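J.: Attaching a single structure in structure tokens format; questions to follow.
The values are calculated or read from the model by the stated rules, or taken from the named source; none is laboratory data. This structure is a prediction, so every number in the text was calculated from the model and none was measured. Positions of Cβ are backbone-derived with ideal geometry, glycine not excepted, and every protein chain shown enters the neighbour counts. When the accessible area is computed, the model is the full protein with side chains, heavy atoms only, and any ligands, DNA or RNA have been set aside. Shrake-Rupley method; radii C 1.70, N 1.55, O 1.52, S 1.80 Å.
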Amino acid sequence: MVKSNYIIELTNISKSFGDKTVLDDVSLSVKKGEFITILGPSGCGKTTLLRLLAGFNTASEGEIRIGGEVMTNIPPHKRPVNTVFQRYALFPNYNVFDNIAFGLKLRGVERKQIESRVKRALKTVGMTDYEHRDVNSLSGGQQQRVAIARAIVNQPQVLLLDEPLAALDLKMRKDMQMELKEMHRSLGITFLYVTHDQEEALTLSDRIVVMSEGRIQQIGTPTDIYNEPCNSFVADFIGESNILNATMVRDRLVRFMDKEFECVDEGFGENAPVDVVIRPEDIYIISQTSSAMFTGTVRSCTFKGVHYEMFVDTPDGYEIMIQDYNPFEVGQQVGMIVKPSDIHVMRKERVCNTFEGEMIDSSHVEMLGEKFECATVQGVQAGEKVSVEVDFGHVELTDDAEDGTAVGTIRFILYKGDRYHLTVRTDGGENIYVDTHDVWEDLDEVGIKISPDHIRVKPLK
Ligand code: ATP
């Protein structure tokens, strides 16, 4: 029998709380000794995934193996994992030694061995000679080190870390990141790290798992994920980018901002709708507009410590972000150049909204859990299931949720150079995607309106 090289194997894991799906068909294999980071916005299911691994929750579907063994019936304390939480959860009445020794004492480990293991753990986290200190007298960073020592003293095969640095200030966080990397190297065990901080993920990880709304979007090395994001969500979430609607004219030729650009991508077909992403550091900004690929006017220029960040408005109404070591004056006419290899083309996940609906009568359809008026549909019976399409730009959002036919909450905002592409989650848990020039904020509650002639009803055949 070939022994798996993977320490963690998640196969088709789903988890629901009531009728809410929090993890949806997640599969992931983690190599022994890897530093893997689960990265995603708040609420995407990162902690839930970690809790399933630790055994604090049970998956609704799928299988978890750790060290080749199925974990379904293994309680948390018998799993070869230990967890470090965001809030250190130390025992306030115990000193440093007793906090770290707690688990070992519980398991009846011999006194001498406890002493040497606690000392070794303290050395690993850089806190030799702290064993008699009261934990309340320690700084946040030191308390987190004790929490890590308490986890590694059990010699787990896998260390699960749930945003362990989130409560620390920026300077301490940066220092601890380096220390964690060093600890990972010296311990040689697998680290599964959860964070919503992109920079932290890029700095620490061998591989990053980007999640959104309970699903894995992309798995790859930090460089893969940064340079080759698989969709606009990943491109936007990892670092700053210009993401624009585009059309792949043919292989190696893409059209956006009403111009054609050479690129290096192939295999998207002809005249296919795509997204392009261009990192702000990949756009060259020059004073001569005559030799440029496109032109614009500098609207803002801010020094960011190493580079300047500029926003340039093009004559066609696009806003482009550029990072350069040299500043350009606000109001100055400038030219821009992009290399074909720096234009990254991504397949669009969808080109319009598609919903399942049911005809109520010839001019009303039920979708998104509500009754919408539509233009009269011929040849479709009441009660018949239909497919409904609505263009992103034909959904109207209202401030007052009561004014809409349906109600939703803004869950994700993607700026596309000349418009916002919003993901709105309805109260029934379905997504509707909206293109708008209006500025909304994350988690705004909105009414959803669609004019009847923009609802395209299609029989399901
Ligand atoms: P954060 O970074 O904010 O901690 P996260 O990505 O870790 O977010 P989770 O904590 O896994 O997200 O939560 C995912 C979703 O599941 C959230 O909408 C949360 O409210 C929901 N959820 C988590 N635990 C429970 C529970 N026990 N009962 C009901 N819903 C839950």
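J.: Let me check against my output: what whole-number percent is the relative contact order of the chain, with C-alpha pairs under 8 Å and at least 6 apart?
T.: Values: 1003 pairs, mean separation 49.2, N = 461.
This gives 11 percent for the chain.
J.: Please sort by residue number the GluC sites (Glu not before Pro) in the range 110-146 whose DSSP state is loop and whose Cβ has at most 12 other Cβ atoms within 10 Å.
T.: Glu110
J.: Counting alpha carbon pairs within less than 8 Å and at least 6 residues apart, what relative contact order, in whole percent, applies to the range 328-461?
T.: In percent, rounded to a whole number, it is 26.
J.: Once you put a point 7 Å from the Cα of Leu443 and another 7 Å from the Cα of Asp258, both along the Cβ direction, what distance in nm separates them?
T.: 4.0 nm
J.: Kindly work out what percent of the DSSP beta bridges joining two residues of the range 6-227 are antiparallel, to the nearest 5. Each step should come with its number before you reach the end.
T.: Values: 21 of 39 bridges.
Close to 55 percent.
J.: Multiply the residue separation of Ala89 and Ile74 by 0.36 nm, subtract the distance between their alpha-carbon atoms, and state the gained length in nm to one decimal.
T.: 3.0 nm
J.: So, for the chain, what is the accessible surface per residue at a probe of 1.4 Å, expressed in square angstrom?
T.: 49 Å²
J.: Give me the angle, in degrees from 0 to 90, between the Cα long axis of helix 170-187 and the longest principal axis of the Cα atoms of the chain, rounded to the nearest 10.
T.: 60 degrees
J.: Could you calculate the FRET efficiency of Ile286 with Glu182 from 1/(1 + (r/R0)^6), where r is the beta carbon distance between them and R0 is 56 Å, rounded to 0.05?
T.: Plugging the Cβ-Cβ distance into 1/(1 + (r/R0)^6) gives 0.85.
J.: Got a number for carbon plus sulfur as a percent of the range 353-459's accessible area, 1.4 Å probe?
T.: Roughly 40 percent, rounded to a whole number.
J.: In the range 301-331, which chymotrypsin sites (Phe, Trp or Tyr not before Pro) are in a loop and have at most 16 other Cβ atoms within 10 Å, using DSSP for the loop call?
T.: Values: sites: Phe303, Tyr308, Phe311, Tyr318, Tyr325, Phe328; in loops: Tyr318, Tyr325, Phe328.
Those that pass, being in a loop and sparsely packed, are Tyr325.
J.: Within the set Lys385/Lys458; Lys20/Lys458; Lys46/Lys105, which residue pairs have Cα atoms separated by over 21 Å? List each step's numbers first, then the result.
T.: Working: Lys385/Lys458 9 Å; Lys20/Lys458 29 Å; Lys46/Lys105 31 Å.
Correct reply: Lys20/Lys458; Lys46/Lys105.
J.: Can you pull out the trypsin sites (Lys or Arg not before Pro) in the range 112-157 that DSSP calls coil and that have at most 16 other Cβ atoms within 10 Å?
T.: Loop-located and lightly packed - Arg133.
J.: While we're looking at this one, here's another question. Give the percent of DSSP beta bridges with both residues in the chain that are antiparallel, rounded to the nearest 5.
T.: 85 percent
J.: Treat each spin label as a single point 7 Å out from the Cα along the C-beta direction, and report the Thr376 to Ser60 distance in nm.
T.: Distance between the two pseudo-spin positions: 4.3 nm.
J.: Expressed as an acute angle from 0 to 90° and rounded to the nearest 10, what is the orientation of the C-alpha long axis of helix 111-124 relative to the principal long axis of the chain?
T.: That works out to roughly 40 degrees.
J.: Would you mind computing, in nm to one decimal, how far apart the modelled labels at Ala166 and Asp316 are, each placed 7 Å from Cα along Cα→Cβ?
T.: Each label point lies 7 Å from its Cα, and together they span 4.2 nm.
J.: In addition: Per 0.36 nm of contour for each residue apart, how much would the distance between Asp98 and Arg425 grow if the chain were fully extended, relative to their Cα-Cα spacing?
T.: In short, 113.0 nm is gained.
J.: Given Ser287, Phe268, Ser186, which one lies farthest toward the positive end of the charge dipole of the chain, if we put +1 on the Cβ of every Lys and Arg and -1 on the Cβ of every Asp and Glu?
T.: Going by the Cα projections, it comes out as Ser186.
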